[in-house]
């Protein structure tokens, strides 16, 4: 007798002493466990060997659906396809369809982004703030272009640079996922920041005025930030250096005998082109800061984390310093500051240098490359001129940050 709905209902969930099996047509049968769970199965032979494959359990699939699945299995066998392999592939495809956006993003972050972009932590933070709460737990393959535009268009009006970052990195993530068959298409492939989101690139021109410098110094001196971080910000203020030049500085780069700070070619932006180090003068105030930084660890580097003394502190660990100081000032000192970055200190330094020294001295102090003819014939290091300008800048800073100490 074939299986009937009446038989299924009367046996489903009914315990018994042992496993039972009832046959149907087309090699389909129903296996009933000791606890009464009914599983549809089909028995077959493939490559001369007997095999069995489960089709699903009752009542999650009906008798009609089980019989249809049995015919599909028999059709595969007729074509020389092992239905067990086909089932595994189907499961893999189902898993791919259910992969969440955040799941794929986390894998991309670990395997590609973190290894290839210095700003990996900043990028991840942007997605935490604006994307994961909307799409993080949704299947990445089912987030449509319309879904994305509903998120990005309003955000572009308020935070265009962050929106462009999200758009660019989402595109890259989808392309990476497609190559690995984690996704089937890139919904943002044809979306352009300028044409579709009306994002125009505006060069950054943020410089800090004297009052803002005074407030930041107030935060440096009154907050509980790590001494390492305070020194780092102070030196960025005084030298106007790129944060990477200071972050990768080693103790051996501070030449106290010659009173210079040496930035090797591999540690500065133009080093690959010039193959020459940057030579910056030390003055008593900066030497005191470097000496203090050196006492904070037993590493070869001046700035490290407690967890890893063999590598310089990461870029991501320092990028939050402006935000942390701004938040402290707002929370504890009732002072509101517009957003600023460590690179804005470099622009602030250069702007002040225009009233302190000559143009070429200021450019040399920033580590900029002078015109070809100039650097071809002029081999003077301008260290004395740099030192004079640096001393004047420190005195100006001292007046700005009073009553707080410069060091």
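The values are calculated or read from the model by the stated rules, or taken from the named source; none is laboratory data. Bear in mind that the values here come from a model prediction, so they are computed numbers and not experimental data. Virtual Cβ from ideal backbone geometry, glycine too; neighbours counted across all protein chains shown.
Table for the structure above
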quantity	calculated
Members of region 382-407 that are under 20 Å from residue 271 (Cα atoms) and either surrounded by fewer than 11 Cβ atoms within 10 Å (Cβ to Cβ) or touching a strand residue (DSSP E or B) at 6+ places or on another chain (Cβ under 6 Å) (or both)	383, 386
Extreme residue, farthest from residue 282 (Cα to Cα), among residues of region 367-388 that are part of a helix (DSSP H, G or I) and touching a helix residue (DSSP H, G or I) at 6+ places or on another chain (Cβ under 6 Å)	385
In region 256-274, residue farthest from residue 366 (Cα to Cα) [restricted to those that are in contact with a strand residue (DSSP E or B) (Cβ under 8 Å, 6 or more places away or on another chain) and part of a loop (DSSP other than H, G, I, E, B)]	259
Per-region count, region 78-98, residues surrounded by 17 or more Cβ atoms within 10 Å (Cβ to Cβ) and either modelled with pLDDT of 85 or more or under 21 Å from residue 142 (Cα atoms) (or both)	1
Subset of region 67-76 (residues that are over 12 Å from residue 53 (Cα atoms), crowded, with 16+ Cβ neighbours inside 10 Å and over 46 Å from the mean Cα position of the chain (by Cα))	67
Conditions (1) out of contact with any helix residue (DSSP H, G or I) (no Cβ under 8 Å at 6 or more places or on another chain); (2) more than 18 Å from residue 185 (Cα to Cα): number failed by residue 145	(2)
Any hit, region 179-202, residues being touching a residue at least 60 places away in the same chain (Cβ under 8 Å) and within 23 Å of residue 124 (Cβ to Cβ)	yes
In region 17-37, the residues that are in a strand (DSSP E or B) and closer than 27 Å to residue 81 by Cα	21, 22, 23, 28, 29, 30, 31
Qualifying positions in region 199-209 - surrounded by fewer than 16 Cβ atoms within 10 Å (Cβ to Cβ) and modelled with pLDDT under 90	200, 201, 202, 203, 204, 205, 206
Residue in region 119-131 that is outside any helix (DSSP H, G or I), more than 20 Å from residue 100 (Cβ to Cβ) and touching a residue at least 60 places away in the same chain (Cβ under 8 Å) present	yes
